[in-house]
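Following: one structure in structure tokens, then a few remarks.
The values are calculated or read from the model by the stated rules, or taken from the named source; none is laboratory data. Quick caveat: nothing in here was measured; it's all calculated off a predicted structure. Reconstructed Cβ throughout: ideal geometry from the backbone, glycine too, with neighbour counts over all protein chains shown. Ligands, DNA and RNA are excluded from the accessible area calculation, which covers all protein heavy atoms including side chains. Shrake-Rupley method; radii C 1.70, N 1.55, O 1.52, S 1.80 Å.
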Amino acid sequence: MLLKPASGRLNFFFGKNAWILLQPDSGSTDPSHMLALRNACRHWGSRLAFPPEINVANFEEGQDATAYWTRQFPGLALLHYRKQQILIRDLAATYDPEKATQLLCRKLKLPLQGWGYLVWIGEGTTCYSLSIPSKPVTADWQGWISAFYNSENWTPGHAESMEISEDPLAEAYRQYESSHEIPADFAPLLRFLVMNDRRSALLSLLRDAESKPVEMRVNFYRSRLEFPDLSKEVRMPPLSFALYNLYLQHEDGFRNKDRFALKQLAGDFYRRLRSTDAGRAGADAMDACFDVRDDAPFRDAIYKANRAIELVLGKNAFSHWYTVRGERGGKRKIALPRHLVVGD
């Protein structure tokens, strides 16, 4: 049997050179078959991305489980500990292998018939699937995968691994998953399934949690923003921190072209962070931000402030409360209600 072209709608999700096995009747999965299939994929430098190997410990109550899921869903960290446990149990209860398979088959436009499908995910939108009418023997997996890699449908360029995510927490995810023997494929898959279930109570609660800001403490001594409820902190370069505080002081915001009247205040903030003998470099950097001929240094400093916040809190609806935002040429401001801002 040969793999035939299929829809590439899920390529962005699984990455390049990955295999997925779809069985409408997930209860018939044989461990020996799964081991043979995983070994066949590994032999050719690829991986079996679905079904995932699930570590049940991450659905149990305990600090490790909570730490893992709050990394995957940052909004959980905003909830009371007891609510976190309820949602983690809900997560376990709503993950259904059969439902997941049906969803993926619909996305790939594969009819729910026969024993199942073996699907290869390539680069771009390249995708091939093999329809398996009845239960195969263990040796078939190695034969089918070897035949594919020896066919004209395969070129060595496809051997590249998955692209590295730009998510600043990606490396932290990988380290945690490795130390706790958690398959890296499972977390993004679960997010995908939850996002595609419009009735998911979990998704609704996470969205609600991420929409509510928490207290932020401004620490001038260490040039950082602190979030006690999240056990997180944001460190900024002194210049960016000083200019960020201009926006905290002006709740209604201001336009870039109106910043010149605030230069003295910005200097006062900066001197709280830098000693008076810092030299001309610090003064020159501040002067450049208030040059009437060029607002690029000012914009760059604010960009660094926003970037520092998003690296810690993520680029999402929750971090929007804390970043400087506004239309180009118009007023820009920090939306966070000021009763949640605590000074040092």
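Just to check your reading of the model, which residue among SER178, SER165, SER131, SER161 is among the small types (Gly, Ala, Ser) and at pLDDT 85 or above?
From the options SER178, SER165, SER131, SER161, the qualifying one is SER131.
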Taking the condition modelled with pLDDT under 55, in a loop (DSSP other than H, G, I, E, B) and farther than 16 Å from ALA308 by Cα, does ARG191 pass? no
Kindly list, by first and then second residue, each pair from a residue in region 324-344 that is farther than 25 Å from ASP300 by Cα to a residue that is open to solvent by less than 50 Å² (accessible area, probe 1.4 Å) and assigned to a loop (DSSP other than H, G, I, E, B), limited to pairs with Cβ atoms under 6 Å and residues at least 6 apart or on different chains. LEU340/PRO213; ASP344/PHE220
Is there a residue being open to solvent by 50 Å² or more (accessible area, probe 1.4 Å), among the aromatic types (Phe, Trp, Tyr) and modelled with pLDDT of 80 or more anywhere in region 39-59? yes
Any hit, region 272-282, residues being open to solvent by 50 Å² or more (accessible area, probe 1.4 Å), touching a Cys at 6+ places or on another chain (Cβ under 9 Å), closer than 28 Å to VAL214 by Cα and modelled with pLDDT under 95: no
Strands (runs of 3 or more DSSP E) completely within region 227-344 that count 1 or more residues being out of contact with any helix residue (DSSP H, G or I) (no Cβ under 8 Å at 6 or more places or on another chain): 324-326, 341-343
Options LEU311, LEU243, LEU248, LEU262: the member that is farther than 20 Å from ARG328 by Cα and surrounded by 14 or more Cβ atoms within 10 Å (Cβ to Cβ): LEU311
Based on this model, can you work out whether ASP300 counts as at pLDDT below 90, surrounded by fewer than 16 Cβ atoms within 10 Å (Cβ to Cβ) and either among the charged types (D, E, K, R) or more than 24 Å from PRO213 (Cβ to Cβ) (or both)? no
Does region 74-85 contain any residue that is open to solvent by 50 Å² or more (accessible area, probe 1.4 Å) and either modelled with pLDDT of 85 or more or of a type in the set (A, V, I, L, M, F, W, C) (or both)? no
